[in-house]
Amino acid sequence: MSNAALEMEAAIRVEAPPFDVAKVRADFPILRRRVYGKPLVYLDNAATTQKPRRVIEAITRFYEEECSNVHRGVHWLSQRATDRYEGARETVRRFLHAAEAREIVFTRGATESINLVANAYGRAHVGRDDEVLITAMEHHSNIVPWQILCEEKGARLRVAPIDNRGDLVLDEFKNLLSHRTKLVAVVHVSNALGPVNPVKAVVEMAHARGIPVLIDGAQAVPHLHLDVRALDCDFYVFSGHKIYGPTGIGALYGKAALLERMPPYQGGGDMILSVTFEKTLYNTIPYKFEAGTPDIAGAIGLGAALDYVESIGLPNIAMHERDLMSYATHALLGVPGLRIIGQAREKAGALSFTLDCAHPHDIGTIVDQEGVAIRTGHHCAQPVMERYGVPATARASFAMYNTREDVDALVQALHKVVELFG
Ligand code: 7TS
């Protein structure tokens, strides 16, 4: 779509929806801070989101009142910590609409979840001349683990193309599925350009050939209602820090039947039933995949974050963010020489752009001086940048606490860039 057409489409939807963003903002202590003497305008939410007080307090409370290891003590504190940790697992289950809590494995985040599946499922099921199918819009964390696996096994990594708008070419995706395909791994929402992939159609096409599907939901969970059972995906991964939770914690959803058949990923304490020097019996799922002391406070913080998101309501968040996306699309296109990269039919969360007059790093530096935090670079998706013939982009990404005023501040700062470099 041309810039003019996009502008028209965005203009139709500039009416603001009802949403008490001021109340939401008050829940995030960091949003009160100033940088360079100016109010912080945080538009780098695809990298990580800010944390509401409720999450910060849940973590503090664990260390002040409940700190103990899990699954191993009969004493009161350990039981309490175990209850809270397992309670967080149940919250993740509810949030993803998974059937059972044992289908939720706590990991360090999306990256570790993908590596877990590549190592545990991939190593057992992918052999010489087999194929793993991904798309051209993956984050490096959904490329490199599969490359490592394919190299080790003599298998091939296949890549389904995207079109000029940034949409996955579904026909080509379907044509790439064959008897050699042993796994499909697809991003739900791209971090570089923001398109929402038709993951349900992807799952149906792969399942028609009996191929399991992993969905990388790192950028989807903060913006979209999710139901892994309705999607019928086999694995779903995400990171807590991108959905208002702490860093260092995330989850892997896997269908119980698959997780049960998978060998462990790492060995150590908690993932065993019994150990002798001759033989070790592994624990049941999900513990089989949680070797060592987990990030207990992180899991509790993630549970608090998901509770918070549910209390605001994902439909409200999605509506507010859709308004911001169309308002921002309209406003950014008014900046001379600005090109939006990736104009997919459906987008969530992120807007990538370039300016004729300045390199993205210069854009980032100048707008930072105005207190506006955006991400610049290749966004850990170098093949996407190559596809569009740009070395890097500037990216504004939105969360529930952003406002139209934040967008205005970005646009004003971009006009400064044009004044300086144009
Ligand atoms: N998948 C996608 C789609 C992502 O956007 C990211 C992180 C990851 C996986 C990895 O998540 P992690 O929490 O395990 O690191 N994306 C970004 C980003 O866009 N800017 O900083 C990190």
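Here is how the numbers come out for the structure above:
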item	result
Which listed pairs, of Lys23/Lys255; Lys51/Lys347; Lys153/Lys255; Lys23/Lys200; Lys23/Lys288, have C-alpha distances above 32 Å, in listed order	Lys23/Lys255; Lys23/Lys200; Lys23/Lys288
About the Cα centre, charge dipole magnitude for the stretch 56-310 (Lys/Arg +1, Asp/Glu -1 at Cβ), debye	540 debye
DSSP beta bridge pairing in the stretch 56-310, given as percent antiparallel to the nearest 5	50 percent
The stretch 56-310, relative contact order [Cα under 8 Å, separation at least 6], %	24 percent
Cβ-Cβ FRET estimate between Tyr63 and Ile148, R0 fixed at 45 Å, reported to 0.05	0.80
Distant-in-sequence amide H partners of Val196 (H built 1.01 Å from N, under 5 Å)	Glu346, Lys347, Ala348
Global geometry of the chain, whether rounded, prolate or oblate, following the gyration tensor of its Cα atoms and the 1.5 cut on a/c	oblate
Global form of the stretch 107-224, assessed from the alpha-carbon gyration tensor, a/c cut-off 1.5	oblate
Amide H within-cut-off set for Ile341, under 5 Å, with H built and near neighbours excluded	Ser352, Phe353, Thr354
Selected from Leu281, Ile134, His188, residue furthest toward positive end of dipole (the stretch 56-310; charges at beta carbon)	Leu281
Phi to ³J(HN,Hα) by Karplus 6.51 cos²θ - 1.76 cosθ + 1.60 over the stretch 373-382, Hz, x for Gly, Pro	9, 10, 9, 10, x, 9, 6, 6, 9, 4
Within the stretch 273-386: Cβ-based charge dipole about Cα centre, in debye rounded to nearest 20 (Lys, Arg +1; Asp, Glu -1)	300 debye
Ascending count of other beta-carbon atoms within 10 Å, so fewest first, for Phe421, Phe106	Phe421, Phe106
Residue order, fewest to most beta carbons within 10 Å, for His179, His241	His179, His241
Overall form of the stretch 275-422 per C-alpha gyration tensor (a/c, 1.5; a/b vs b/c)	prolate
Segment Arg32-Gln369, extension gain: residue separation times 0.36 nm, minus the distance between their alpha carbons	119.6 nm
Cβ-based charge dipole, the chain, positive-most Cα from Ala26, Leu43, Ile59	Ile59
Extension gain from Ala201 to Leu157, taking 0.36 nm per residue of separation minus the Cα-Cα distance	13.8 nm
Part-to-part distance (alpha-carbon centres) for the stretch 219-280 and the stretch 177-192, which is given in Å	18 Å
³J(HN,Hα) computed for each position of the stretch 236-251 - Karplus, 6.51 cos²θ - 1.76 cosθ + 1.60, integer Hz, glycine/proline x	9, 10, 7, 10, x, 5, 8, 10, 6, x, x, 7, x, 9, x, 8
Sorted by Cβ neighbour density within 10 Å, fewest at the top, the residues Thr280, Thr376, Thr48	Thr280, Thr48, Thr376
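Read-outs: derived from the displayed coordinates by stated rules, not from any lab. Because the structure is predicted, anything quoted here is derived from the model rather than measured. Note: ideal-geometry Cβ built from the backbone for every residue, glycine included; neighbour counts use all protein chains shown.
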